[in-house]
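Beneath this line is the structure, given in structure tokens, with notes to follow.
The values are calculated or read from the model by the stated rules, or taken from the named source; none is laboratory data. Being a predicted model, the structure only gives us computed values, none of them experimental. A quick note on method: Cβ atoms are made from the backbone with ideal geometry, for glycine too, and the neighbour counts reach across all protein chains shown.
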Amino acid sequence: MRRSDADGAVVRAASRKVGLYVASVCAIAVLLVLAAAIVFIAQRSQTAEVLEHAVKPGSIYVGSGDLLMALIGGGVAGVILAAVVGLVSARRAIVPLADALAAQRRFVQDASHELRTPLAILDARLQLAERQAGEASPAAGTLARMRQDSRVLAEVVDDLLLVTAGSARSGEVAVVAQVVSGAVEGIRMLAGTREVTLEIAGGKDALVPVAAPALRRAVVALLENALAHTPQAGRIDVTVSASDGEALVSVADTGTGISGIEPGRIFDRFARAPGGPARSYGIGLALVKETVVRCGGDVRVTATGAAGTTILISLPLAAA
């Protein structure tokens, strides 16, 4: 079964760790045996007494030094053999993991590839509907936003194909204010259905070293989390700024705050507060953290309480 370079690297690294662990355990065991043998030989060594008596015909005299060297040589050979056996065994044991990774990667590739054509058709039909409706039509704005949403989804699919192919967008930069503004507009309709006010402030044209689609998904995930935990008629404020070589994106809601779990743990996958009302954070915030950390940034909870929660994304500015 052919595996990608990324999967192969993961499997090889895992097998090396297991092999090293097995070899280390065996080495410790051998060293303990050698230490015990050395102590025993040192205590029982009677070379002078042996030399006082003639060696009987057909007998072989083995000195303590010879015995010690033989033990050391055997110990080294045992450690090497244990390392080889451990590495081979680890590689064989990890084969199912490699197959599972390959199957997962193929599934994502196949699903992403199959989605590209329907999305392209959807975009074409929305474009046709836009032209037929005309700019003066009441539906023109809605159709334009729907077409933008279809493009965003197509970008997500393209990113999935890039990642599963073992490559990723590199060398790209994004205008923070532009990306955040687009994310806010995409969520505004959902906020309106819950009568939640969604406002954005700031807007410096700061550039960050991250692909625009990835940054947009991170901001959308923050907004979706804020919307999920903001009561009806609440408010979400998004602020974009720059300071000390960093671009800052702040999302503040008027929800009930984080309780029953450490604020930093909400960025773990499927984090959930134990007991009480179930408040799950799914994987959205975990993906936010992965995206931000990958480009050298950070995401953290800066405030939480009865008045709401504020989450801040900080990203390094792109080199000029």
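What about Ala177, is it under 20 Å from Ser243 (Cα atoms) and modelled with pLDDT of 85 or more? Answer is yes for this residue. The one condition from (1) out of contact with any His (no Cβ under 9 Å at 6 or more places or on another chain); (2) more than 23 Å from Val292 (Cα to Cα) that Ala214 does not meet is (2).
Here the condition is being modelled with pLDDT of 85 or more and not assigned by TED's automatic domain parsing to the domain that holds Ile236; of Arg145, Arg125, Arg188, it holds for Arg125 alone.
Conditions tested, residue by residue: (1) touching a residue at least 60 places away in the same chain (Cβ under 8 Å); (2) within 26 Å of Val184 (Cα to Cα); (3) basic (Lys, Arg).
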position: Arg105; (1), (2), (3): yes, no, yes
position: Gln109; (1), (2), (3): no, no, no
position: Glu114; (1), (2), (3): no, no, no
position: Leu119; (1), (2), (3): no, yes, no
position: Leu126; (1), (2), (3): no, yes, no
position: Gln132; (1), (2), (3): no, no, no
position: Glu135; (1), (2), (3): no, yes, no
position: Ser150; (1), (2), (3): no, yes, no
position: Leu153; (1), (2), (3): no, yes, no
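Go through region 124-139 and report how many residues are part of a helix (DSSP H, G or I) and either surrounded by fewer than 15 Cβ atoms within 10 Å (Cβ to Cβ) or of a type in the set (Ser, Thr, Tyr) (or both). Final tally of qualifying residues: 6. Considered as a group, the residues in region 76-123 that are farther than 20 Å from Arg12 by Cβ and among the hydroxyl-bearing types (Ser, Thr, Tyr) include one that is surrounded by the fewest Cβ atoms within 10 Å (Cβ to Cβ), and that residue is Thr117. Identify all residues within region 218-249 that are surrounded by fewer than 21 Cβ atoms within 10 Å (Cβ to Cβ) and part of a loop (DSSP other than H, G, I, E, B); write none if there are none. His229, Pro231, Gln232, Ala233, Gly234, Asp244, Gly245, listed by residue number.
Residues that are crowded, with 19+ Cβ neighbours inside 10 Å and in a helix (DSSP H, G or I) within region 183-212 comprise Ala183, Val184, Ile187, Ala191, Ala212, listed in sequence order. The set of residues in region 288-300 that are part of a strand (DSSP E or B) and either over 19 Å from the mean Cα position of the chain (by Cα) or not β-branched (Val, Ile, Thr) (or both) comprises Asp298, Arg300. Kindly indicate the residue of region 250-270 that is closer than 25 Å to Val176 by Cβ and either under 21 Å from the mean Cα position of the chain (by Cα) or not hydrophobic (A, V, I, L, M, F, W, C) (or both) and also surrounded by the most Cβ atoms within 10 Å (Cβ to Cβ) among those meeting that condition. Per the criteria, the residue is Asp253.
Of note, Ala35 satisfies the criterion of being modelled with pLDDT of 75 or more, within 22 Å of Val76 (Cβ to Cβ), out of contact with any Lys or Arg (no Cβ under 8 Å at 6 or more places or on another chain) and assigned by TED's automatic domain parsing to the domain that holds Ala70.
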